[in-house]
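Contents: one structure, followed by commentary.
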Amino acid sequence: MNRHLISAADLSLEDALLILDTAEELAQMSERPVKKLPTLRGRTVVNLFYEDSTRTRISFEAAAKRLSADVINFSAKGSSVAKGESLKDTALTLEAMGADAVVIRHSASGAPHRLAGWVKGSVVNAGDGAHEHPTQALLDAFTMRRRLGRLDGIRVTIVGDVLHSRVARSNVLLLSTLGAEVTLVAPPTLLPVAVASWPCSVGYDLDAALPKADVVMMLRVQQERMNAAYFPSVHEYSRRYGLDAGRMALLPDHGIVMHPGPMNRGVEIAADVADSARSTIVEQVANGVSVRMAVLYLLLGGSGEQR
Ligand code: CP
């Protein structure tokens, strides 16, 4: 394993499987009455969040606490960042407090990479701009493997706002490492120019893609990152790229529906689909704790070699 987890591309097949297998063991331990392990006693994990988060932030905190680490939660709102303090000075301040790992979410793509050059501890990317969200991809892969029994050869269709999605990029990179076949389905305006170089195929017709998909992963329409009109109207987007019950019926019988959250119910996914038995959305959140425990354990706990 690398000392940091910044991109899903940092993970070899062996690294990715080690994380997923470790998460599986830790998930089984989490079903015991006493969930806490002493593994990271005396280590300090800092959650450095410059952007809003519910799932990622809470699950990193739960993961670190279940491993008995000390946890410092830092939110840019209400901190000296509001007085103009830079990321570097904030990072050095946290380093002086003895951070062994810094989990960072930032609106700027590349912020975790910069941070890794300034601190001695491990850096974990918890989402940087439209770049990457590697632990989301790991928890998604973990959920797929639990539901479908394997990852090699499965067909995953990722739908919607790929342009603004760090989840899509990390999933494409990780799933291709794990041997899955990924297809992106989106309006042409919501695909990055560089998508042709990604290890996946691209389509524009959701109805044609669904019968071949073992997994359909719906992406949130990130209106807060849109500074122009990428589609004629929300209604039109939903009509062509939203997953409603009629479309879900096009999936094979074993097909599952995923969404990283937060959802725009009624836009990219209908409420009855999100709440259906085929949906893994709540499981993804629960699995996030086990996967983030595995990441912290492997980066800080000293299992295996570090590069
Ligand atoms: N999926 C995800 O990253 O959710 P949060 O923004 O709530 O952390």
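The values are calculated or read from the model by the stated rules, or taken from the named source; none is laboratory data. Worth saying up front: this structure is predicted, and the values here are computed from it rather than measured. Here the Cβ positions follow ideal geometry from the backbone for every residue, glycine too, while neighbour counts run over all protein chains shown. In case anyone asks, the SASA skips ligands and DNA or RNA and just uses the protein heavy atoms, side chains included. Shrake-Rupley method; radii C 1.70, N 1.55, O 1.52, S 1.80 Å.
See the values below:
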{"quantity": "Among (1) under 26 Å from Val282 (Cα atoms); (2) within 16 Å of the ligand (Cβ to nearest atom) - the single one Lys77 does not satisfy", "calculated": "(1)"}
{"quantity": "Those residues of segment 197-230 which are over 21 Å from the mean Cα position of the chain (by Cα) and at pLDDT below 95, in sequence order", "calculated": "Asn227, Ala228, Ala229, Tyr230"}
{"quantity": "Filter result for Ser276 (modelled with pLDDT under 95 and out of contact with any His (no Cβ under 9 Å at 6 or more places or on another chain))", "calculated": "no"}
{"quantity": "Residue list for segment 171-201, filter: in a loop (DSSP other than H, G, I, E, B) and either among the hydrophobic types (A, V, I, L, M, F, W, C) or in contact with a His (Cβ under 6 Å, 6 or more places away or on another chain) (or both)", "calculated": "Leu178, Ala180, Ala186, Leu191, Trp198, Cys200"}
{"quantity": "Neighbours by Cβ (under 6 Å, 6+ apart or cross-chain): first from segment 249-265, within 15 Å of Ala141 (Cα to Cα) and touching a residue at least 12 places away in the same chain (Cβ under 8 Å); second more than 10 Å from the ligand (Cβ to nearest atom) and of a type in the set (Gly, Ala, Ser)", "calculated": "Gly255/Ala213; Val257/Ser279"}
{"quantity": "Any hit, segment 223-234, residues being in contact with a Ser or Thr (Cβ under 6 Å, 6 or more places away or on another chain) and either open to solvent by 10 Å² or more (accessible area, probe 1.4 Å) or over 30 Å from Glu14 (Cβ atoms) (or both)", "calculated": "yes"}
{"quantity": "Residues of segment 73-92 classified as surrounded by fewer than 17 Cβ atoms within 10 Å (Cβ to Cβ) and part of a strand (DSSP E or B), total", "calculated": "2"}
{"quantity": "Among residues of segment 114-170, those that are over 19 Å from Glu14 (Cβ atoms), away from the ligand (no atom under 14 Å from the Cβ), open to solvent by 20 Å² or more (accessible area, probe 1.4 Å) and assigned to a loop (DSSP other than H, G, I, E, B), counted", "calculated": "5"}
{"quantity": "Condition broken by Leu11, with the remaining ones in (1) within 16 Å of the ligand (Cβ to nearest atom); (2) at pLDDT 95 or above satisfied", "calculated": "(1)"}
{"quantity": "Search result, residues across segment 52-71 that are away from the ligand (no atom under 15 Å from the Cβ) and open to solvent by 60 Å² or more (accessible area, probe 1.4 Å)", "calculated": "Lys65, Arg66, Asp70"}
{"quantity": "Residue check for Gly261: at positive phi and either more than 21 Å from the chain's Cα centre (by Cα) or of a type outside the set (A, V, I, L, M, F, W, C) (or both)", "calculated": "yes"}
{"quantity": "Those residues of segment 93-108 which are outside any loop (DSSP other than H, G, I, E, B) and among the hydroxyl-bearing types (Ser, Thr, Tyr), in sequence order", "calculated": "Thr93"}
{"quantity": "Filter result for Ala96 (over 17 Å from the mean Cα position of the chain (by Cα) and either surrounded by 24 or more Cβ atoms within 10 Å (Cβ to Cβ) or not assigned by TED's automatic domain parsing to the domain that holds Asp253 (or both))", "calculated": "yes"}
{"quantity": "Hey, Ala111 open to solvent by less than 10 Å² (accessible area, probe 1.4 Å), of a type outside the set (D, E, K, R), at pLDDT 95 or above and closer than 17 Å to Tyr50 by Cα or not", "calculated": "yes"}
{"quantity": "Output for segment 1-38, where each listed residue is in a loop (DSSP other than H, G, I, E, B) and open to solvent by 60 Å² or more (accessible area, probe 1.4 Å)", "calculated": "Arg3, Glu31, Arg32, Pro33, Val34, Lys35, Lys36, Pro38"}
{"quantity": "Hits in segment 39-72 - residues which are part of a loop (DSSP other than H, G, I, E, B) and in contact (Cβ under 8 Å) with a residue 40 or more places away in the chain", "calculated": "Thr39, Leu40, Arg43, Tyr50, Glu51, Ser53, Thr54, Leu67, Ala69"}
{"quantity": "In segment 179-189, residue nearest to Ala8 (Cα to Cα) [restricted to those that are out of contact with any helix residue (DSSP H, G or I) (no Cβ under 6 Å at 6 or more places or on another chain) and buried (at least 23 other Cβ atoms within 10 Å of the Cβ)]", "calculated": "Ala180"}
